[in-house]
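Worksheet: one structure, shown below.
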Amino acid sequence: MTMGKPVTDATRRRIEAAAVGLPLHDRQDFEDVTRGFVGRAEQRQIRTADGRVVWDLDAYAFLREGEAPETANPSLWRQGQLLIEDGLFEVVPGIYQLRGFDLSVITVVEGETGVIVIDPLISAETAAAAFALYTAHRGERPVRAMIYTHSHVDHFGGAKGIIGEEQVASGEIPVIAPEGFLHHAVAENVFAGTAMLRRAGYMYGAALERGPAGQIGSGLGQTTSSGTVTLIAPTVEVTHTGQTLTLDGVELVFQLTPGTEAPAEMNFYFPRHLALCAAENTSHTLHNILTPRGALVRDPHAWAHYLTETIALWGGEVEVVFGSHHWPTWGRERAVEFLSMQRDMYLYLHDQTLRLLNQGYTGAEIAEMLELPPALEQQWHTHGYYGSVSHNVKAVYQRYMGWYDGNPANLWPHPPEAAARRYVEAMGGRDAALAAGRRAWDEGDYRWCVELGKHLVFADDTDTEAGELLADAFEQLGYGAENGTWRSMYLAGAHELRNGVFGTPASPSPDMLNALTVTQVFDSIAIRLDGPQAWDEHLHIVWNVTDEGATYLTELHNGVLSHSLVERAPDGVAAFTLTRLALIGLVTGALDLPTALGEGTVSVGGDPAVLGRLVALLAPGDPEFRIVTP
Ligand SMILES: [Zn+2]
């Protein structure tokens, strides 16, 4: 398929109109993002042991070239320019940050004999490279503790790049995390992981070229690194606000903030440094109430409530607030204003969406009506570089009202392909529909153009002219977007229409799989069961999990695999005796059953063929499922 079209007048006008209200006079972020600069890494490419590049510190060097090109929204371009300031930075004496090495940042706090490491990035390789830069400037200091602020992978995945599992197991290094961390860190992978990873490929634009007409950052950070994702389970849980810990002579006071940006998350304060770590509860962007890759919708009301509590706890003394992404905010007045405005932003979206939905407006309507108050809009950190007002309003609607907007016309519509055929026919057939799409293009109405193009492609995905029109319109929408993830999603759609499916760039991490609980393992098997194939099958299997001293009974019946913990195994049921890890190995295919039985890793009482009958009914997820085509 052909290459894209140059920027059109309509996109130019859209960008110019959006630029009118930008607070261009406010250059404070450029000062803050380089404040405390200590040094930059000399080795600019970070690789796996076998040489694959997982992060390139210079991949976005083109952003240094001043003014935004025509193919980018200048507000997003500006955010990208801030995000490329990589290196080691002093936050205050004794607290340092390593920024630009991944989507997230590492904070290093110096204690009496070593350091506390907060949030070790996504990959072991990027975390190791970042920590090496710290060591190069501050000397070899042993890690005395590690903290995960919350349960998202960009805050724990690189742990093994900095510390070893045995150091944690022996008690030498405590790993501190909020209550519920481990459950939530792995739970997402159990249920919808395949689909989320596929969609994350769109959201972060992993397969897109970096460049003025390509991926220019995700707003929260540039993109996600693609190295080895590890997981070391925490050994110390933070269970309540006001809890204190002294780590290597440094006192920390915690605030538990569950159900905010992540289901398990916490802020904490360093009284000696007058420094607040606000995790990802604040950042230099409007964040996601519902991430476009897919997840359970978040609670902006709780989020705002906890930020109010944060201000009440430490607003009277804090001198610097830093987080898990971006650069810090210094000075008490500015720090408290930053916390307050971030709070107000989430609460405004929450409250105003509810006000309007109670007046009968639907999510799609409110998303067009709602604007942030001018005082918030005049702050750079409230702009939608990662989340957006548009999709966050729909998320609030979804949280309270669900997908159905109440109009019975929308209760039972035809699904996309069936609807597409009918729409195209109703428009007078393929040629007339394509002509209507081209009129929308000529008028610069790309939102309508992609609506028509979507129907044309879903009615006939071999129609290359329709595919080109749709790709071109996606591209113009991407060029105009202030939101980095919107830009990447539009450009990813155009890329797949032109070049075919790029699939899922990342695969599940063995460490994450090995952290599954027995219940999570059975749940993950149950959702892979091909229901109709299993309708007539009825079988029981007993599982003696030796390292937990627990016996589980699974029953397949009515196309459902249910499981329960039992006191004793029922008679006459095949029983497998194994460890939790061996069970995970069997499920992931890392362990072959005949071999495991031969080696004694797994033993069986009764007929092992029953397991084969279950396995034959499992259907894998598809990491290459189609998104912009039927
Ligand atoms: Zn994060």
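One residue is enough: does region 204-224 have a residue meeting the conditions of a type in the set (Phe, Trp, Tyr) and more than 16 Å from the ligand (Cβ to nearest atom)?
No: region 204-224 contains no residue that is of a type in the set (Phe, Trp, Tyr) and more than 16 Å from the ligand (Cβ to nearest atom).
Under 8 Å by Cβ, and 6 or more places apart or on different chains, what pairs join a residue from region 176-191 that is on the phi < 0 side of the Ramachandran plot and of a type in the set (S, T, N, Q) with one that is assigned to a loop (DSSP other than H, G, I, E, B) and surrounded by fewer than 20 Cβ atoms within 10 Å (Cβ to Cβ)?
Listed by first residue and then by second, the contacts come to 189/508.
Failed condition for residue 107, given (1) hydroxyl-bearing (Ser, Thr, Tyr); (2) closer than 26 Å to residue 180 by Cα; (3) more than 14 Å from the ligand (Cβ to nearest atom), with all others met?
Here residue 107 clears every test but (3).
Being away from the ligand (no atom under 16 Å from the Cβ), out of contact with any helix residue (DSSP H, G or I) (no Cβ under 9 Å at 6 or more places or on another chain), modelled with pLDDT of 95 or more and closer than 30 Å to residue 483 by Cα is true for just one of 337, 251. Which residue is that?
337
Looking at region 366-418, which of its residues are hydroxyl-bearing (Ser, Thr, Tyr) and under 29 Å from residue 322 (Cα atoms)?
Of everything in region 366-418, those that are hydroxyl-bearing (Ser, Thr, Tyr) and under 29 Å from residue 322 (Cα atoms) turn out to be 382, 385, 386, 388, 390.
Looking at region 255-305 only, could you name the residues that are among the hydroxyl-bearing types (Ser, Thr, Tyr) and either assigned to a loop (DSSP other than H, G, I, E, B) or crowded, with 24+ Cβ neighbours inside 10 Å (or both)?
Listed by number, the residues that qualify are 257, 260, 282, 283, 285, 291.
I need the full set of residues from region 428-475 which are more than 19 Å from residue 5 (Cα to Cα) and outside any helix (DSSP H, G or I), in order please.
428, 429, 460, 461, 462
Looking for something part of a helix (DSSP H, G or I) and either within 16 Å of the ligand (Cβ to nearest atom) or within 27 Å of residue 293 (Cβ to Cβ) (or both) - is there at least one such residue anywhere in region 381-388?
Checked region 381-388: at least one residue is part of a helix (DSSP H, G or I) and either within 16 Å of the ligand (Cβ to nearest atom) or within 27 Å of residue 293 (Cβ to Cβ) (or both).
Does any residue in region 140-156 that is under 15 Å from residue 232 (Cβ atoms) and part of a helix (DSSP H, G or I) come within less than 6 Å, Cβ to Cβ, of a residue that is acidic (Asp, Glu) and at pLDDT 95 or above six or more places away or on a different chain, and which pairs are these?
Note: pairs meeting the criteria are 155/119.
If you check every pair at least six apart or on different chains, which have Cβ atoms under 7 Å apart with a residue in region 32-49 that is farther than 18 Å from residue 93 by Cβ first and a residue that is assigned to a loop (DSSP other than H, G, I, E, B) and of a type in the set (A, V, I, L, M, F, W, C) second?
Partner pairs satisfying both residue conditions: 33/327; 41/57; 44/57.
The values are calculated or read from the model by the stated rules, or taken from the named source; none is laboratory data. All values reported here derive from a predicted model rather than from experimental measurement. Reconstructed Cβ throughout: ideal geometry from the backbone, glycine too, with neighbour counts over all protein chains shown.
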